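Trainee: Below are the structure tokens for one structure; questions will follow.
Please treat every number below as a calculation from the coordinates, not as lab data. Fair warning: this is a prediction, and the values are worked out from it, not measured in the lab.
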Amino acid sequence: MNTQTVGYKAKEFELRNLTFFFLLAWGLPLFFAALFIFGIVRWPSQVGPGMIILLVVLNFAPMIASFVVTGITEGKPGVRLYGSAFGTAT
């Protein structure tokens, strides 16, 4: 089997990119959860559209973080290539 990369070459591993990814993917949802756990923010009696949007975004935090880190490190070509792996042509 002959596999070749076409027009894209991965950079060397950088620890700061991995650290930034985990801070976005896990730190952001944990931060918002901690606000409710420690009673800084009270859970609303009726869940409105703003809370639903926040919960959906936090559920997809690892995927959003992966696109953000790819965009910062590789730019638009990297995001397009990464998006094509998910079947989304951006």
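Trainee: In whole Hz and in residue order, list the ³J(HN,Hα) couplings for region 50-66 that follow from phi through the Karplus curve 6.51 cos²θ - 1.76 cosθ + 1.60, θ = phi - 60°; x for Gly and Pro.
Mentor: x, 5, 5, 4, 4, 5, 5, 4, 5, 5, 9, 4, x, 5, 4, 4, 5
Trainee: Rounded if a/c is under 1.5, else prolate if a/b is larger than b/c, else oblate: which is region 17-90, with a ≥ b ≥ c the root eigenvalues of its Cα gyration tensor? Write out the running numbers ahead of the final one.
Mentor: On the way: a/c = 4.18, a/b = 1.92, b/c = 2.18.
Note, shape of region 17-90 comes out oblate.
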